[in-house]
Each structure stands twice: as structure tokens, then as C-alpha cells.
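Trainee: Have a look at this one before I ask anything.
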Amino acid sequence: MSKEQKELVNIVRELMRNEVYPTILEKDRAGGDPFDWSYVELLAQHNLIVPVIPEEYGGRGLDYVSSALIIEEIAAACAGLAACMVGTIHALLPVIIAGSGSQKRNWLPLFTKKKPILASFALTEPKGGSDIEKLETTAELKEGFYYINGIKDFVINGAVADYVLACTCGEEKRRATYRFFMVPRDQVRISKVIKTMGIKYANTSQILLENATVSEEHLIGDPRTTYLLLNQILDLGRPLIGAIQIGIARAALEMVLRYSQEREQFGRPIISNQGVSFPLARMATNIDAARLMVWKACALIDQEGDYTKASSMARLFTSRVGQAVTAAAIDLMGGQGYTDENPLNMYFRDAKVCSIVGGTDNVQQMIIASLL
Ligand SMILES: Cc1cc2nc3c(=O)[nH]c(=O)nc-3n(C[C@H](O)[C@H](O)[C@H](O)COP(=O)(O)OP(=O)(O)OC[C@H]3O[C@@H](n4cnc5c(N)ncnc54)[C@H](O)[C@@H]3O)c2cc1C
């Protein structure tokens, strides 16, 4: 880490420890939809909602390694907040990469202000999950306006986003018919808020596009290459999802390490048994290896290298490590690990989502296998 990166990590770590961690369990256990703007506001105050927005549009212009560092810190306190952030990053990447000058000037600065704002990335549909070529949402051009129709499932920030980046496809389902549209909130209907197992702070909704109407200025990128751009966005997002998982795993490890140093059985701290210290050693080793894989993928992105395989590997490995670490942490805390008030219960549920989003673990293996 450079000096600047260390400083930024420390600022975010302190912010999360002081302003988020003390209230996160309350939100996790609140039931219903616990999203409110309080945590997102903290990120907005520090211009951290989309750290990769270039400086010329008011952003921090951070690289992916630095973004992963920040996301890990945020996820260590609240994985749901990190998911809100990564969802917004996904939604803005098409604009950052392929938007016109006026699109960048119109939309990117909105996400750099102190007033909090989120966007959502709407790809998944009831019939199109792992198979992203089965989209049914259509966009029809009539007299300078696009009319978008379809259902988008599992949209993070869905009900609270000011803009939805919607992916559409022509009826012939050919790759050349893919399109990205920036759809304002007033053109979208929320059909349901989906109650999820974990990342409770992140609002996850199903949204309806019923003749959602946008001008041609809302079409992002060159239609001939949108399918490639879609795959690029997914590749870019995977290590960031990996960074969320590292944050969760690290928080679980820190908690169980403290506990095993304090908890005494048979007259000595339980960590003095190799049956406890060896699993902790393996957890720490695996987290380190997984983190390095995230950094490698991010470094390849930053250096404009070939990052597809490294991104999927990072996303796959972090998923496995996060799930194993949070499960093992519960074992090592015994009965205390299984109580409702213990944060481990939240980490365990939060970690599970990282095996599904950005493509399931099987999808990552399909990508990696195709590139061996
Ligand atoms: C909390 C949450 C938030 C999400 N946020 C977003 C979001 O913001 N935007 C968005 O667009 N999407 C989002 N998603 C959707 C997510 O990306 C999809 O759920 C995921 O890609 C899997 O699609 P699916 O649910 O349709 O599962 P399916 O594709 O139906 O898969 C079901 C199972 O079959 C397996 N499978 C499918 N095909 C194959 C195959 N060929 N070989 C081997 N195994 C296979 C899968 O691995 C999986 O285990 C979110 C999901 C969740 C749970």
C-alpha cells in the first residue's frame, strides 16, 4: 500500500468503526427493509460512493486496487453498505467507459456530491440469471424515444436508486441487440422489495419497466459492442465483490481470535489448543491468499492487462474462503457463536451472497475453465 492508500484506509476504517459498526446489528435484526440513508450519507460526505469516477467529473479518480481496499473496510463493518456501493459502481461503469461527453457531464458529478445518491444495475430477469443471453426486456425506438418493457429481478438499490442502468435485448436474442439505458427513477415501478438472507442494509427489489420512456440521450455506448461492454462490466465488478467477502471474513476472524484469547476452558485460553489455533492459522492464511487474488485482479485492471480469468478466480476463491471462515468462526465460538446477538450470525449470512452475485460460483468456474 502506498502512503495515500494507507491514509485512506485508516480514514474509512475509523469512519466505519465509529459510525456504522455500533448500529449495524440493530439494522440487521430490524426485520422488513432496514435501508435508510444514514450510512450512504457517510460515504457521500467523503466522495466514496463511486471512487472510480474520474477527477474531471468531481470524483476521486481512484484505481481498482484502492477501491478494493476501501470496499474491504466498508464490508468489515457493513457488507450491505458495501453492496450498495458496488451496485452503484456497476451502474455507472458503462457511463464511465462508454458514455458520451454530455452523458458523463450530466450523470457522473451527481454521484460525487455530499447529497447521497445511488444507482442500480439491472441485468438479471426471472428467466435470465446465469444465462445472460436469455434477457426478455426490450427497448423500442419511436420518434426519438425508447420505450422499455420488462421485469428486472434482484436489483440492489432497486427501490432507492435515482437511476437504473437497465440492460435490454432484441427479441431475436442476438448479442448485437443488447443495449444499456440510464433510466430515471420516475420511469420505474417497484413490484416488490425482496427479503434476503443477508446484506440486509442493501435494498434488493424486483422492478418493472412498463413503457419506461427515455430519450436517445439515455442510450449508453455503441450498440454494436454493448454485449462486450456488459461482459467487461461483470469482469470489473467481480474483484470488488471479492473485496466485500474479504471484509466479511476478516471481521469474523478478528472476532473469533479475540474470543479464543479470552475464553478459558480446562484452565487456559482455548487458543492454547492447536485444535483452535490451527484453524485460526488456516483462516488467516486463506484470507491473505484471497485478498492477494483480489489485488492481483485489480492490478491487472489498473494496468489494462487481461483480467477476465483473474477476476473470476478472485470472485470464486473469495466466495469459498468467506463461507468457510464464517462457518469455522461459529464452530470456534461454541454456543456463543450460535446466539442471535452474535455478529457472526450476520457475517455467516452475508458471506453466502458472495457465492451468487456477479455470477454464481459455477458461472465463475465456467469462465475460468474456458480460459485455461
Ligand atoms: C442479494 C442479491 C442481490 C443481487 N443483486 C443484483 C443486481 O444488483 N443486479 C442484477 O442484475 N442481479 C443481481 N442479482 C442476481 C444474481 O446475479 C443472480 O441471482 C445470479 O446471477 C444467479 O442467477 P439466478 O438466480 O437466476 O440462478 P440460476 O441461473 O437459475 O442458477 C441456479 C443454479 O444453477 C446453476 N447453474 C445454472 N446454469 C448452470 C450451468 N450451465 N452449469 C452449472 N451450473 C449452472 C447456478 O450456478 C445455480 O447454482 C442479485 C442476487 C442476489 C441474491
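The values are calculated or read from the model by the stated rules, or taken from the named source; none is laboratory data. Note that the coordinates shown come from a computational prediction; the quantities given were computed from them, not determined experimentally. Positions of Cβ are generated from backbone atoms using ideal geometry, with glycine treated the same way; all protein chains shown enter the neighbour counts. Note: areas computed on protein heavy atoms with side chains; ligands, DNA, RNA excluded. Shrake-Rupley method; radii C 1.70, N 1.55, O 1.52, S 1.80 Å.
Trainee: So, in the stretch 126-159, how many residues would count as being buried (at least 21 other Cβ atoms within 10 Å of the Cβ), within 12 Å of the ligand (Cβ to nearest atom) and not small (Gly, Ala, Ser)?
Mentor: Counting residues in the stretch 126-159 that are buried (at least 21 other Cβ atoms within 10 Å of the Cβ), within 12 Å of the ligand (Cβ to nearest atom) and not small (Gly, Ala, Ser) gives 6.
Trainee: Here are some conditions: (1) open to solvent by less than 30 Å² (accessible area, probe 1.4 Å); (2) part of a strand (DSSP E or B); (3) more than 10 Å from the ligand (Cβ to nearest atom). Residue 103 meets all but one. Which one does it not meet?
Mentor: Every listed condition holds for residue 103 apart from (2).
Trainee: Something else now. I'm checking my understanding of the structure. Among residues of the stretch 314-372 that are among the charged types (D, E, K, R) and open to solvent by 40 Å² or more (accessible area, probe 1.4 Å), which one is nearest to the ligand (Cβ to nearest atom)?
Mentor: 352
Trainee: Can you find a residue in the stretch 25-39 that is assigned to a helix (DSSP H, G or I), exposed (fewer than 13 other Cβ atoms within 10 Å of the Cβ) and of a type outside the set (Ser, Thr, Tyr)?
Mentor: yes
Trainee: Among the numbered criteria (1) surrounded by 15 or more Cβ atoms within 10 Å (Cβ to Cβ); (2) farther than 30 Å from residue 16 by Cα; (3) more than 16 Å from the ligand (Cβ to nearest atom), which one does residue 211 miss?
Mentor: The single condition residue 211 does not satisfy is (1).
Trainee: If we keep just the residues of the stretch 160-184 that are open to solvent by 20 Å² or more (accessible area, probe 1.4 Å) and among the hydroxyl-bearing types (Ser, Thr, Tyr), which is nearest to residue 108 (Cα to Cα)?
Mentor: Ranking the candidates gives 163 first.
Trainee: Here is a further query. For residue 180, work out the one condition from (1) part of a loop (DSSP other than H, G, I, E, B); (2) within 13 Å of the ligand (Cβ to nearest atom) it doesn't fulfil.
Mentor: The failed condition is (1).
Trainee: Of the conditions (1) in contact with a strand residue (DSSP E or B) (Cβ under 8 Å, 6 or more places away or on another chain); (2) buried (at least 23 other Cβ atoms within 10 Å of the Cβ); (3) not aromatic (Phe, Trp, Tyr), residue 200 satisfies every one except a single condition; which number is it?
Mentor: Result: residue 200 fails condition (1) only.
Trainee: Among the residues of the stretch 266-281, is any open to solvent by 40 Å² or more (accessible area, probe 1.4 Å), within 21 Å of the chain's Cα centre (by Cα) and without any contact (Cβ under 8 Å) to a residue 40 or more places away in the chain?
Mentor: Within the stretch 266-281, not a single residue is open to solvent by 40 Å² or more (accessible area, probe 1.4 Å), within 21 Å of the chain's Cα centre (by Cα) and without any contact (Cβ under 8 Å) to a residue 40 or more places away in the chain.
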